[in-house]
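These notes are about the structure you will find just below.
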Amino acid sequence: MELFHISAECYPAAKVGGLADVVGALPKYQSTEGHDVRVVIPAYDTKFINENEFECVHWSHVKLGNFNFPFSVHKEKTDKLGFELYVIAIQELFDRKEVYGYEDDIERFVSFQIATLDWILGRREIPDVINCHDHHTGLIPFMMLYAHKYQKLKNIPTVLTIHSGLYQGIFGFNKLYYLPEFDLAHVGVLEWGNAINSLAVGIKCASAVTTVSPNYLNEINHSSNGLESLFNMVRQKSKGILNGIDEKVWNPATDKVLVSNYTIDTIENGKQKNKEKLCDIFDLDPSKPLFSFIGRLLEEKGADLLPQASALALAEHLNEINILILGSGNETIETELNQLLPDYKGNYNTFIGYNEDLAHLIFAGSDFLLMPSRVEPCGLNQMYALRYGTIPVVRRTGGLKDTVIDFEDGGNGICHEQTSVTDICTSIRRALKMYEDKKTLNKIRKSGMQIDHSWSSVCKEYIEVYNLIIKRNES
């Protein structure tokens, strides 16, 4: 079947978080299963888009209310990502470095959705299924159903995949005129909480809704920033599908970033060499256990607790542990983390920002990965950690609960119930005891490396959803 994935992110073309990893991997594996897969994202001013060769396949104007913007659709020529990647260039809106964070983000992503549908409408053939990702594409199912100009697309089944329900793309009805003309009898479909809520619209209008883990589907029925009743109403068309990881990209045996590749049989020596390299870069002691954090420095990730938890753990276990933080986000959290540097030199360090190669090295060289998340719809870092023989230390929530079982219950990680400084420090104490027992440590490391989190099996679940909604549309 011909599949379209429409998203704000796709690794390596544009990445902020896990959304990019999923949209960069799932289509590739669907393609290997014989499906005709296309991914569509905005044309940002990113290194990948600037350094690779694209050809223009369509150009026109997108009408956003009273404004007209020229847009063009460009295809990456070589299909090097394992699928066809298309980027939509809209002058004045997307020729910028960052993916999000601008005052006109609503205008940017509404125009992107309209331009995408305009292009699909003009193609010779229409796709079998359109898979939208998060609120940035949540208006697409509504416009396909109700906008007059897209009636040719009305019967195409749509899936909305929710990677995070925290962000919903809310804007006022004063911007209703941005949308293409539709019968105002359907205006109520757009409303949730006296505003236009892009995520809610997608949930209402999509043929099926998927979340990125089974446990997250359960959680959002009880806690989803005001959408709880809506999620309960659409439960029959919803399914939680646990994300996979790209095991070709995340493979310690072949990862070109590592200073020493390793397998289950060579894990001790391999991890130690990568740890030595990492510790050399950040002035840490490779003989001590290394606890790391990789991710966005936001409250939803529990990152606001890291400064205090790190200080307490380092004070309690003076010169016994190393802590390394990689990430960026909230400036207050960044400042508080950096303020610890003078007091714990040689045992603690930070890298404020993001570096993909460094992340690979940290997964390989660390002993434990801290993930004290308040919200984690799926989480990929714990899967990467397990793949590299690094033990995840997680709060039981969302996909973390689906993928990490405490080692005392026969699992492969260390789990705690609350996002709190006390729980983080208690888990670090438990990790230290595990680290001292090398036999248990290596057994758990090797067990984690053998878990199958590949996209191959995940693909089958998505295809089952697609087949179901195609059949439902035909009946």
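Kindly provide the set of residues from region 388-428 that are basic (Lys, Arg) and in contact (Cβ under 8 Å) with a residue 24 or more places away in the chain, ordered by number.
Correct list: 395, 401.
Condition first: out of contact with any Phe, Trp or Tyr (no Cβ under 8 Å at 6 or more places or on another chain) and more than 20 Å from residue 158 (Cβ to Cβ). Now tell me which residues in region 188-215 satisfy that.
193, 194, 213, 214, 215
Could you run through region 237-289 and say how many residues are small (Gly, Ala, Ser) and in a helix (DSSP H, G or I)?
1
Just checking, how many residues over region 442-469 are more than 30 Å from residue 159 (Cα to Cα) and either touching a Ser or Thr at 6+ places or on another chain (Cβ under 6 Å) or in contact (Cβ under 8 Å) with a residue 40 or more places away in the chain (or both)?
Of the residues in region 442-469, 7 are more than 30 Å from residue 159 (Cα to Cα) and either touching a Ser or Thr at 6+ places or on another chain (Cβ under 6 Å) or in contact (Cβ under 8 Å) with a residue 40 or more places away in the chain (or both).
Name, by its number, the condition in (1) among the small types (Gly, Ala, Ser); (2) in a loop (DSSP other than H, G, I, E, B); (3) surrounded by 15 or more Cβ atoms within 10 Å (Cβ to Cβ) that does not hold for residue 202.
Just one mismatch for residue 202, condition (2).
Can we say residue 108 is under 22 Å from the mean Cα position of the chain (by Cα), crowded, with 16+ Cβ neighbours inside 10 Å and charged (D, E, K, R)?
yes
Which residue, of 191, 219, is among the acidic types (Asp, Glu) and more than 28 Å from residue 120 (Cα to Cα)?
One residue alone meets the criteria, 219.
Being among the charged types (D, E, K, R) and in contact with a Gly (Cβ under 7 Å, 6 or more places away or on another chain) narrows it down to one of 406, 423, 402, 367, so name that one.
Just one listed residue meets the conditions, 406.
Can you name the residue in region 50-96 that is touching a strand residue (DSSP E or B) at 6+ places or on another chain (Cβ under 6 Å) and among the aliphatic types (A, V, I, L, M) and, of all such residues, is farthest from residue 182 (Cα to Cα)?
Looking at residues that are touching a strand residue (DSSP E or B) at 6+ places or on another chain (Cβ under 6 Å) and among the aliphatic types (A, V, I, L, M), I get 85.
Quick check on my filter: what residues within region 378-413 are hydrophobic (A, V, I, L, M, F, W, C) and buried (at least 23 other Cβ atoms within 10 Å of the Cβ)?
378, 380, 383, 385, 386, 391, 393, 394, 400, 404
Do we find that residue 16 is crowded, with 19+ Cβ neighbours inside 10 Å and closer than 27 Å to residue 359 by Cβ in this structure?
In short, no.
Bear in mind that the values in this text are calculations on the coordinates, not laboratory data. These numbers come from a predicted model, not from an experiment. Virtual Cβ from ideal backbone geometry, glycine too; neighbours counted across all protein chains shown.
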